[in-house]
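**Student:** Pasting a structure here, questions to come.
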Amino acid sequence: MSTKIIKTLVKKEMLDVLRDKKTVVMMLVVPVILYPLIFIGVMQLMAAISSDMRQQDYRIAVEAEDDGAFLHKLTENDDKWKDKGGVDDSDEAADSNTDSYTITIVEPDSIDDYESALQNEELDVYIRGTVQNGKLQYDVYYMSSVANSDYAMNIVMDVFDEYREELTQAKIKDAGLDVREILEPILYENQDKSSREQSMGSLMGSVLPFMLVISLLMGTMYPAIDTTAGERERGTLETILTLPVTNRQLIISKFLTVAVIGMISALLNILSMGGIAVYMYQILGMQTEVASFDMAKFYPAILVGILCIFAFSLFISAITMCVTSFAKSYKEANNYITPLMLVIMFVGYIGFIPNIELTQTMAMIPVANICLLIKNILVFKIDYMIIAVVLISNVAYAVFAILFLSKIYDSESILFGDAKGSLQLFEKRSNLQKGGVPTVSDVWFVVALTIVLVLYAGSMLQLKFGLWGVFGTQLIILLVPLAVVIYTKKDMSATFGLHKTKPIRFLGAFFIILGMYPINIVLSCILITLFPQSADNVVTTFSTIMDGNIVSIFLVIALAPAICEEMLFRGLIYHAMKSRYRTPVAISIVAVLFGIYHMSLVKFIPTGLLGLVLCYVVYKTGSIYPSMMMHCINNAVSVAVTYYPEKIEKIFPILYRESMSLPDALILSGVGLAFLAVGGVLLREKKR
């Protein structure tokens, strides 16, 4: 591959990108100017609000059966500030930032209705004290939604604490006891063994990773849009494709351009945030006697963090380019990038969650691994093996994304657009043509909508109706694709694979599902060992819905998913993907989506593998009916194992052993492979 050609292309892409003012603004103005202004502005605003709250006049009414004792205590507390002009020279007053509020006592008789007075902000706090069971009980009424009322309530609570302490000490003295001995039977003192650097790193580690990830995404977003959808919208992509350069050279040059700009943006963000941290530390040091820390101890963490940010920049650049490559205009690319941004933001919040450990498994999860790694190195938890896994995984994901991107640029239908990829669901129905299968864009919309409805409506149905709530969830899975197909006037038979097939194909499908079951048992045992908590959650969820007679359980757990899930995954999704991509790619996409749909780490691989086999059977037979039969048999066996454990254990004791030995695993795998071979032979004949 000619490096000279790539350098020339990179130079051309850099010039094109830097001509776009949006990229320059996001790369320079946001981190260098906007971030400091936001932080300093927020600090000044919070200080001004806090100062204003400490200098307000608060209206308080007291109606209590205590001969005015608490009212006297409240006014005594207010007189401390009035007698000294609102300033107390004591250390305690200095620490309270010189509170100079005033309290206006409102006569209870002048209030017709204290609730209306609180609602209309004519009164901040209303206190009522009554004697109950020989003790005086005070009820404090306030409005938490009103800033003055909420702050006044805190003042009253402080006075109550001081008043209660005085009364307690007085009662102990009247009893002739030692106040200190009674109130302080033990002595304790906190000893923080964390260094100042670790404490500062822990504080920064919660916010800094999230902001870096988001700023890096923002820095790569606009150049990715410009080098893909922007070039297509300007009409210059066709000109470039006529040059004597390969698609791979073109892709690498675009990727390097976006990655370099992302790295520059990340460095500027790091410098900007570091400057803000130093500024805040200096201000804090001038206002209080804050302990100093050794900045040099952070240098190794900063170097490792920069290296990780560079690796993440490669990954995020490749992902954003993959997403924006499907768009034909700036507007469409922005619409495509929004879901990606939401997903990255959601995963990036993991840095705010305490007690999430960066294990080797977690180090393989994109975005989360970077956030947790930066959080760890800021508190000096440096594990070189984990760092290597994070770096290698991000680079590997970037390579896979680049390979996928090269496939995109090898496809003329994606490069220049066609009707197969457009979103037809929101077009006027009268403009749509009959026949064919839904577009890929329509399918992705169906997938997103179905997942949302299953998560929210399905969960509510299952919580309220149990087993029949599961049936309602299956109806959602069926009705959403049916509604889309009917609205877009697509061919039902072609979309869902509703075709007849030979009886021998059903026999082959039967042998294949018999072979898949023991293989999935072996895989499940391995995954249960790796993810025991996820396995417990699956067992708990499954046991809660197994409440009813065997007929209803069979209908809901075995038959309904065999129809509804197959219509969605091996029907709509598979046939739409097959019309756009090669068959192996379409089958792989369906298998991954089927595994993700079950939302469990321990079930992802077995269900994904099952989805792969079901898709293969649909491909070989040209019909969805054999896969429905296989799905029903698979679920029915699970129901039988759960519903009739004693009878099944007598026939297949290996299914109920606490742990699976290596000979057992080999036997099950051998039996499964044998059945698969028989089924493959029966399906060997090509479809029509």
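The values are calculated or read from the model by the stated rules, or taken from the named source; none is laboratory data. A quick note: this is a predicted structure, and the numbers were derived from the prediction, not measured. Using ideal geometry, Cβ is built from the backbone for each residue, glycine included, and neighbour counts are taken over all protein chains shown. Each accessible area value is taken on the protein alone, full model and side chains, heavy atoms only, with ligands, DNA and RNA left out. Shrake-Rupley method; radii C 1.70, N 1.55, O 1.52, S 1.80 Å.
**Student:** Any chance the range 630-647 includes a residue that's assigned to a helix (DSSP H, G or I), in contact with a Leu (Cβ under 7 Å, 6 or more places away or on another chain) and among the β-branched types (Val, Ile, Thr)?
**Tutor:** Taking every residue of the range 630-647 in turn, at least one turns out to be assigned to a helix (DSSP H, G or I), in contact with a Leu (Cβ under 7 Å, 6 or more places away or on another chain) and among the β-branched types (Val, Ile, Thr).
**Student:** Can you tell me how many residues in the range 188-198 are loosely packed, with under 14 Cβ neighbours inside 10 Å and within 23 Å of residue 355 (Cβ to Cβ)?
**Tutor:** Number satisfying all stated conditions: 5.
**Student:** How many residues, within the range 605-633, are more than 20 Å from residue 683 (Cα to Cα) and touching a residue at least 24 places away in the same chain (Cβ under 8 Å)?
**Tutor:** The total comes to 2.
**Student:** Sort through 67, 83, 57, 95 and tell me the only one that's open to solvent by 70 Å² or more (accessible area, probe 1.4 Å) and at pLDDT 80 or above.
**Tutor:** 67
**Student:** Given the condition without any contact (Cβ under 8 Å) to a residue 40 or more places away in the chain and not aromatic (Phe, Trp, Tyr), answer yes or no: does some residue in the range 513-526 qualify?
**Tutor:** Filtering the range 513-526 for residues without any contact (Cβ under 8 Å) to a residue 40 or more places away in the chain gives 526.
If we keep only those that are not aromatic (Phe, Trp, Tyr) too, we end up with 526.
Within the range 513-526, one or more residues are without any contact (Cβ under 8 Å) to a residue 40 or more places away in the chain and not aromatic (Phe, Trp, Tyr).
**Student:** Is one or more of the residues making up the range 604-621 more than 30 Å from residue 666 (Cα to Cα), open to solvent by less than 60 Å² (accessible area, probe 1.4 Å) and at pLDDT 90 or above? Full working, then the answer.
**Tutor:** So the first thing to find is which residues in the range 604-621 are more than 30 Å from residue 666 (Cα to Cα), and the list is 621.
Adding the requirement that they be open to solvent by less than 60 Å² (accessible area, probe 1.4 Å) leaves 621.
Now restrict to residues that are at pLDDT 90 or above: 621.
Yes - at least one qualifying residue is present in the range 604-621.
**Student:** Oh, and also: Counting just the residues of the range 411-443 that are part of a helix (DSSP H, G or I) and surrounded by fewer than 15 Cβ atoms within 10 Å (Cβ to Cβ), which one comes out modelled with the lowest pLDDT? Talk me through it step by step, then tell me what you get.
**Tutor:** Within the range 411-443, the subset part of a helix (DSSP H, G or I) is 412-416, 419-421, 429-431, 440-443.
Now narrow it down to the ones that are surrounded by fewer than 15 Cβ atoms within 10 Å (Cβ to Cβ): 412-413, 416, 419, 429-431.
Details: 412: 55, 413: 52, 416: 53, 419: 46, 429: 80, 430: 81, 431: 80.
Ranking the qualifying residues of the range 411-443, first place goes to 419.
**Student:** For residue 134, which of the numbered conditions (1) touching a Gly at 6+ places or on another chain (Cβ under 6 Å); (2) at positive phi; (3) of a type outside the set (Asp, Glu) fails to hold?
**Tutor:** Here residue 134 meets the rest and fails (1).
**Student:** Can you spot a residue in the range 575-597 that is within 17 Å of residue 473 (Cα to Cα) and outside any helix (DSSP H, G or I)?
**Tutor:** no
**Student:** For residue 152, only one of the following conditions fails: (1) of a type in the set (A, V, I, L, M); (2) open to solvent by less than 70 Å² (accessible area, probe 1.4 Å); (3) farther than 20 Å from residue 54 by Cα. What is its number?
**Tutor:** Here residue 152 meets the rest and fails (3).
**Student:** Counting just the residues of the range 452-472 that are within 23 Å of the chain's Cα centre (by Cα) and within 18 Å of residue 562 (Cα to Cα), which one comes out most open to solvent (accessible area, probe 1.4 Å)?
**Tutor:** 454
**Student:** Now for a different question. Can you tell me which condition residue 135 does not meet? The list is (1) open to solvent by 40 Å² or more (accessible area, probe 1.4 Å); (2) closer than 23 Å to residue 65 by Cβ; (3) under 45 Å from the mean Cα position of the chain (by Cα), and all the others hold.
**Tutor:** Every listed condition holds for residue 135 apart from (3).
**Student:** Filter the range 362-390 down to the residues that are of a type in the set (Val, Ile, Thr) and open to solvent by 40 Å² or more (accessible area, probe 1.4 Å) and list them by number.
**Tutor:** Within the range 362-390, 365, 382 qualify.
**Student:** Can you tell me how many residues within the range 589-602 are touching a residue at least 24 places away in the same chain (Cβ under 8 Å) and over 17 Å from residue 622 (Cα atoms)?
**Tutor:** Adding up the residues that qualify gives 7.
**Student:** Is there a residue being polar (S, T, N, Q), assigned to a helix (DSSP H, G or I) and either touching a Lys or Arg at 6+ places or on another chain (Cβ under 6 Å) or buried (at least 18 other Cβ atoms within 10 Å of the Cβ) (or both) anywhere in the range 320-329?
**Tutor:** Taking the range 320-329 and keeping what is polar (S, T, N, Q), we get 320, 324-325, 329.
Next cut, assigned to a helix (DSSP H, G or I) only: 320, 324.
After this cut, where a residue has to be either touching a Lys or Arg at 6+ places or on another chain (Cβ under 6 Å) or buried (at least 18 other Cβ atoms within 10 Å of the Cβ) (or both) as well, the list is 320, 324.
Yes, because at least one residue in the range 320-329 is polar (S, T, N, Q), assigned to a helix (DSSP H, G or I) and either touching a Lys or Arg at 6+ places or on another chain (Cβ under 6 Å) or buried (at least 18 other Cβ atoms within 10 Å of the Cβ) (or both).
**Student:** OK, next. Checking the condition in a helix (DSSP H, G or I) and modelled with pLDDT under 90, which residue from 482, 478, 523 passes?
**Tutor:** Criteria check complete, one pass: 523.
**Student:** Also, quick follow-up: Identify the residue in the range 165-187 that is among the β-branched types (Val, Ile, Thr) and open to solvent by less than 90 Å² (accessible area, probe 1.4 Å) and, among all such residues, is farthest from the chain's Cα centre (by Cα).
**Tutor:** Result: 172.
**Student:** Considering only the range 1-48, state which residues are of a type in the set (A, V, I, L, M, F, W, C), modelled with pLDDT of 75 or more, open to solvent by 70 Å² or more (accessible area, probe 1.4 Å) and more than 29 Å from the chain's Cα centre (by Cα).
**Tutor:** Across the range 1-48, the qualifying residues are 15, 45, 46.
**Student:** Counting only residues that are of a type outside the set (Ser, Thr, Tyr) and open to solvent by less than 50 Å² (accessible area, probe 1.4 Å), how many does the range 498-510 have?
**Tutor:** Adding up the residues that qualify gives 3.
**Student:** Same structure, new question: Mind listing just one residue for me: the one in the range 511-533 that is of a type in the set (A, V, I, L, M) and more than 34 Å from the chain's Cα centre (by Cα) and, of those, most open to solvent (accessible area, probe 1.4 Å)?
**Tutor:** 514
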